[in-house]
Amino acid sequence: VTPDEICAEYGADTLRLYEMAMGPLDVSRPWDTRAVVGQFRLLQRLWRNIVDEATGEVTVVDTDDVDEDTLRALHKAIDGVRGDLEGMRFNTAIAKVTELNNHLTKRGGPLPRSVAEPLVLLVAPLAPHIAEELWRKLGHTDSVVHQDFPVADPAYVVDETVTCVVQIKGKVKARLEVSPGISEDELEKTALADERVVAALDGAGIRKVIVRAPKLVNIVPA
């Protein structure tokens with residue numbers, strides 16, 4: 001299979017994405033023409049999230065009303081893709097773009113411009129041709145390559161909660177959803193007050209509590 005054949009059938013962007021998605025740059029992978037279709041479908045879904053295929057009109061709306069789940073998905077993708085591109089981890093960058101695009105597809109409805117434009121800018125280093133066309137369709141007259149890369153809002157990058165495992169004698173007795181910034185003292189109090197932990201202790205004294213905030217509390221009974 002020659003690159004010219006893939007470009008003729010699927011386009012240069014699909015070929016670029018496939019080659020970058022095959023794995024780390026220092027790892028050799030066998031060519032799989034069937035896998036090229038997956039990247040082609042990613043670009044199709046990207047296009048449909050911004051452009052109505054039937055009319056060719058942009059479906060993006062100018063609104064600041066964006067649900068929190070979408071904001072979190074967007075800013076986590078921005079943060080992750082930026083780091084991956086700086087580390088030349090193109091395969092994982094594409095995976096993060098795919099995850100965001102899938103979220104937006106499932107979300108349904110017209111995309112807010114404040115989401116659509118960063119999405120196109122995320123794609124631009126990976127699939128520049130479709131990104132340039134979408135950027136122009138969004139009403140811009142200057143090239144997408146002259147735009148600054150999006151910057152993630154830290155407030156949406158950090159998870160609202162993390163899962164803390166509570167163990168007694170090394171066995172998991174409870175899982176708590178807690179703030180990532182919870183202190184060790186607060187986490188210990190929360191764990192010891194949990195009804196599942198109280199029941200598991202069954203009145204036994206406590207010899208030691210090992211806390212590794214925010215993800216682990218290990219209780220050693222007396």
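Coordinate-derived values only; no laboratory data. This structure is a prediction, so every number in the text was calculated from the model and none was measured. Glycine also receives a Cβ, built like all others from the backbone with ideal geometry; neighbour counts cover every protein chain displayed.
Points to keep in mind about this one:
- Treating r as the C-beta distance of Asp64 and Glu177 and R0 as 25 Å, the FRET efficiency rounds to 0.30.
- Each residue of region 89-99 was assigned a 3J(HN,Hα) from its phi angle through the Karplus expression (A = 6.51, B = -1.76, C = 1.60, θ = phi - 60°), giving 9, 5, 5, 6, 4, 5, 4, 6, 5, 4, 4 Hz with x at Gly and Pro.
- Computed over region 26-67, Kirkwood Rh from alpha-carbon pairs, angstrom: 13.2 Å
- Its Cα gyration tensor gives region 130-189 an equivalent ellipsoid. The semi-axes, each the square root of 5 times an eigenvalue, are 47, 13, 8 Å from largest down.
- When the P(r) is computed for region 1-52, the part past 17 Å accounts for 37% of the Cα-Cα pairs.
- Take the Cα of Val220, go 7 Å toward its beta carbon, and the backbone nitrogen atoms of region 172-209 under 14 Å from that spot belong to 206-209.
- Packing-based ranking, highest mean first, of 125-134, 154-163 given that Cβ atoms within 10 Å are counted: 125-134, 154-163
- In degrees, nearest ten, helix 113-123 long axis to first principal axis of the chain (Cα): 80 degrees
- Note on Val157 and Cys7: their simple-model spin labels are 3.7 nm apart, each label 7 Å out from Cα toward Cβ.
- When the inverse distances between all different Cα atoms of the chain are averaged and flipped, the Kirkwood radius reads 20.5 angstrom.
- In this structure, Val209 and Arg34 have a Cβ-Cβ separation that, at R0 = 41 Å, corresponds to a calculated FRET efficiency of about 0.15.
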